[in-house]
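A short write-up of the structure that comes next.
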Amino acid sequence: MLNHSARAIRDGVASGQFSAVEVCRAFLARIEATNPSLNAFTLIAAERAIATAEAVDRRRAAGDPLGSLAGVPVAIKDNLCVKGMRTTAASRILENYVPPYDATVVERLEAAGAVIVGKTNCDEFAMGSSNENSAFGPVSNPWALDRTPGGSSGGSAAAVAACCTPLALGSDTGGSIRQPAAFCGVVGLKPTYGRVSRYGLLAFASSLDQIGPMTRSAADAALALSVFAGPDRADATSAREAVPDFAKAMTGTVAGLRIGVPRTFVNDGVNEHVRQVWDRALETLRGAGATLVDVELPHAKYATPVYYLVASAEASSNLARYDGVRYGYRTADANIGVKEMYCRTRDEGFGAEVKRRIMLGTYVLSAGYYDAFYLKAQQVRTLLRRDYDSAFERVDVVAMPTSPMPAFRLGEKTADPLQMYLGDIFTVSANLAGLPAISIPCGFVEQAGNPARLPVGLQLTGRMFDEATLLRAADTYERITDWHTQSPQL
Ligand code: GLN
């Protein structure tokens with residue numbers, strides 16, 4: 001049961017091969033068994049999940065139509081609101097926050113029959129690349145418990161890799177879906193900016209944030225995206241673009257697909273073992289009929305500083321709302337005057353990394369520095385976008401490794417935030433340019449000792465609103481390789 005795809009579960013529930021409640025109990029048992037070692041979940045909603053599954057089974061018994069995710073267990077990153085379910089963004093400042101409404105993605109998943117089993121751990125307000133910035137403590141990588149699952153959607157990635165659910169939601173501002181997917185050996189898709197409504201996502205950087213699926217196959221990512229993508233009146237930034245049935249777009253062929261390879265950029269700073277695995281993946285796609293074309297992204301080397309300026313500026317503004325007045329944590333000492341109350345609340349409620357981003361963001365937006373930092377970053381962002389525009393005149397997708405290295409050890413980079421940031425070099429540009437990008441398992445870095453192997457992700461970036469081509473290429477690759485079917489021994 002635990003190895004079933006979302007689609008197989010849906011079909012099994014629809015045909016009566018098993019009940020939604022049976023499915024739900026099996027996955028809940030897996031979550032309970034693995035969470036003490038993984039810490040992937042901040043909340044396990046067992047009773048609510050069983051009740052939802054029972055409702056699916058009643059619909060089937062009554063002959064009512066079932067949704068395309070009927071009975072599929074889903075885990076939700078803890079920065080997405082689920083009505084009545086504690087939602088913390090892994091922050092102390094929201095430790096007791098219970099949203100009075102559902103995120104649009106959550107509403108759409110449940111309308112399609114999905115069964116929400118719990119909330120997943122993440123970096124505080126999605127700020128991080130290792131899941132170590134969480135008020136709930138770090139998540140362990142299922143392939144090596146002393147290593148990071150990546151971040152910020154580390155809990156979602158670990159949950160899917162450990163077969164706790166076939167589908168989890170993540171959010172991606174600069175790589176938070178793709179990098180943990182790569183570290184944990186699962187599929188992660190960041191859709192085009194605007195493709196998915198962010199209503200009910202606790203905002204980090206509003207010009208970059210997107211919500212997307214994390215799964216063990218491209219087919220399941222396609223199925224999930226078709227359910228929750230599309231315009232939403234509650235989010236003015238959601239695009240009106242029609243949503244294709246992504247499942248149908250996957251034809252199993254990449255014949256004629258032109259893959260852009262920014263070799264100079266990638267070779268500069270990638271781990272040699274990762275590069276070899278990535279090269280082999282490109283050769284596999286070539287063997288399947290794709291053509292490899294050298295492309296240049298001259299401004300990509302500036303993507304990390306540009307990202308950390310823009311994202312921190314927006315974060316400093318978005319997080320101003322956590323003031324201890326309207327909701328969330330408030331300092332215990334109430335008789336200190338309003339200004340002191342704000343200061344103490346925020347000092348006690350936010351973790352170190354979030355404070356670092358707020359200070360950095362406030363600094364780059366301040367009067368004397370705005371032109372030198374924020375404005376300059378926005379200008380380079382436009383140049384980066386143009387690099388992709390010209391690449392896409394010659395190719396259909398651009399291929400890079402998702403991360404320059406495999407999963408690193410917990411604690412290895414916590415003392416040096418800059419080292420942590422530099423690891424985001426291959427993921428942040430898709431967000432800055434608004435483009436869709438997917439990470440798929442493409443092999444392992446083999447090493448002597450324990451663990452013997454760590455997963456590597458292949459990242460494909462596509463044209464605006466062309467998730468279909470990414471999913472088609474990913475699905476084709478999965479049909480000729482078996483990396484995505486391998487699971488860690490827990
Ligand atoms: N690692 C990046 C950061 O720390 C990206 C995070 C994200 O995508 N939410 O900001």
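Computed from the coordinates by the stated procedures, all read-outs in this text should not be read as laboratory data. Remember, it's a predicted structure, so these values are computed and weren't measured experimentally. Positions of Cβ are generated from backbone atoms using ideal geometry, with glycine treated the same way; all protein chains shown enter the neighbour counts.
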Residue exposure sequence - Tyr369, Tyr97 - by fewest surrounding Cβ within 10 Å | Tyr369, Tyr97
Can you list residues whose amide H is under 5 Å from Val397's amide H, if they're 5+ apart or on another chain and H is modeled 1.01 Å from N?
-> Arg258, Gly260
At Arg386 and Arg280, where each label point lies 7 Å from the Cα along Cα→Cβ, what is the point-to-point distance in nanometres?
-> 4.0 nm
Which aspartates and glutamates have a Cα lying under 17 Å from the Cα of Lys77, excluding residues fewer than 8 positions away in the same chain?
-> Glu95, Asp102, Glu107, Glu110, Asp123, Glu124, Glu132, Asp172, Asp209
When only Cα pairs under 8 Å and 6 or more residues apart are kept, what is the percent relative contact order across the stretch 394-470?
-> 40 percent
Rank these for me by crowding, Ser130, Ser206, Ser316, Ser176, going from fewest to most other beta carbons within 10 Å.
-> Ser206, Ser316, Ser130, Ser176
Pull out a ≥ b ≥ c, the square roots of the eigenvalues of the alpha-carbon gyration tensor of the stretch 10-120, then state rounded if a/c is under 1.5, prolate if not and a/b is larger than b/c, and oblate in the remaining case.
-> oblate
More than 18 Å apart - percent of Cα-Cα pairs taken over the stretch 416-487 | 53 percent
Compute the length gained on full extension between Arg356 and Glu32: take 0.36 nm times their separation in residues and subtract their Cα-Cα distance, giving the result in nm to one decimal.
-> 113.2 nm
Spatial separation of Cα centroids for the stretch 1-68 and the stretch 252-307, in angstrom = 38 Å
Filtering chymotrypsin sites (Phe, Trp or Tyr not before Pro) in the stretch 284-354 by DSSP loop and by at most 16 other Cβ atoms within 10 Å leaves Tyr327
Tell me, what is the percent relative contact order of the chain, built from C-alpha pairs under 8 Å that lie six or more residues apart?
-> 18 percent
Distance in nm between pseudo-label sites at Thr253 and Lys83 (7 Å out along the Cβ direction from Cα) | 4.7 nm
Fewest first, what order do Met85, Met214 take by the number of other Cβ atoms within 10 Å?
-> Met85, Met214
Counting only DSSP beta bridges with both residues in the stretch 1-125, tell me the antiparallel percent, nearest 5.
-> 45 percent
In nm, give the distance between the simple-model label positions of Leu375 and Leu145, each being 7 Å from the Cα along the Cα-to-Cβ direction.
-> 5.5 nm
Stretch gain in nm, segment Ala61-Ala452, where the contour uses 0.36 nm per residue and the Cα spacing is subtracted | 136.0 nm
FRET efficiency, Glu296 to Arg321 (Cβ-Cβ, R0 51 Å, nearest 0.05) = 0.80
Calculated on alpha-carbon atoms, Rg and Dmax of the chain in Å = 21.3, 71
Would you mind checking Lys119/Lys190; Lys83/Lys339; Lys83/Lys301; Lys190/Lys376; Lys190/Lys413 for any pair whose Cα atoms are more than 30 angstrom apart?
-> Lys83/Lys339; Lys83/Lys301
Kirkwood Rh and Cα Rg combined as Rg/Rh, the stretch 135-239 | 0.98
Would you please state which residues of the stretch 78-95 a label at Ala51 would reach in this model, taking the label point 7 Å out along Cα→Cβ and a backbone N cut-off of under 14 Å?
-> 83-86
Express as a percent, rounded to the nearest 5, the fraction of DSSP beta bridges in the chain (both residues included) that run antiparallel.
-> 70 percent
How many times 2.2 N^0.38 Å is the alpha carbon radius of gyration of the stretch 211-282?
-> 1.53
